[in-house]
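Values quoted throughout were computed directly from the atomic coordinates according to the rules given, and no laboratory measurement underlies them. Keep in mind that what you see is a predicted model, and the values were worked out from it rather than measured. A quick note on method: Cβ atoms are made from the backbone with ideal geometry, for glycine too, and the neighbour counts reach across all protein chains shown.
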Amino acid sequence: MPGSWTWTDAAIFIAVFTGIRIAVIWMATQIFTAILPEGDACPVCNAETYALERQGIWKALGPRFRRSFCIGCGWDGVMRRSDAWMAMLKERRVPKAPSAKRR
Ligand SMILES: [Zn+2]
């Protein structure tokens, strides 16, 4: 019968479009993390930046990302920690900021 549909068709439709949506979100995340500057040098003037305490929504980003502020030019943004830094964090060789002990 033309124009009819079955639950199998609906399941395939939902599975395909859910898969496409997940792939797009995953790719967007990959691209977003790739364009973030890595390390702690300012992307504008290459001076050393200072990490800001994460507040509110910034905490959801996790330890991989840090909010930075540049004393030299006033740049303010999110930077990506390098793989070496994350490895050091896992081995707990990076000292925690004093502000983190308050909570
Ligand atoms: Zn700067």
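Before anything else, pin down the relative contact order of the chain: Cα pairs under 8 Å, at least 6 apart, normalised by residue count, whole percent. Each step should come with its number before you reach the end.
On the way: 83 pairs, mean separation 21.1, N = 103.
Computed over the chain, the figure is 20 percent.
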Original post:
Tell me, what ³J(HN,Hα) does each residue in region 80-87 have, in order and in whole Hz, if you take phi through Karplus 6.51 cos²θ - 1.76 cosθ + 1.60 with θ = phi - 60° and put x for Gly and Pro?
Top reply: 9, 6, 6, 4, 5, 5, 5, 5
Subject >> Nonlocal amide H pairs with residue 38, under 5 Å, H built at 1.01 Å >> reply: 80
Subject >> Cα-projected label distance for residue 18 with residue 75, points at 7 Å along beta-carbon direction, nm >> reply: 4.2 nm
Subject >> With Cα atoms, 0 to 90° folded angle of helix 7-35 axis to the chain main axis >> reply: 20 degrees
Subject >> Ordering of 38-45, 16-23 by packing [mean C-beta count within 10 Å, highest first] >> reply: 38-45, 16-23
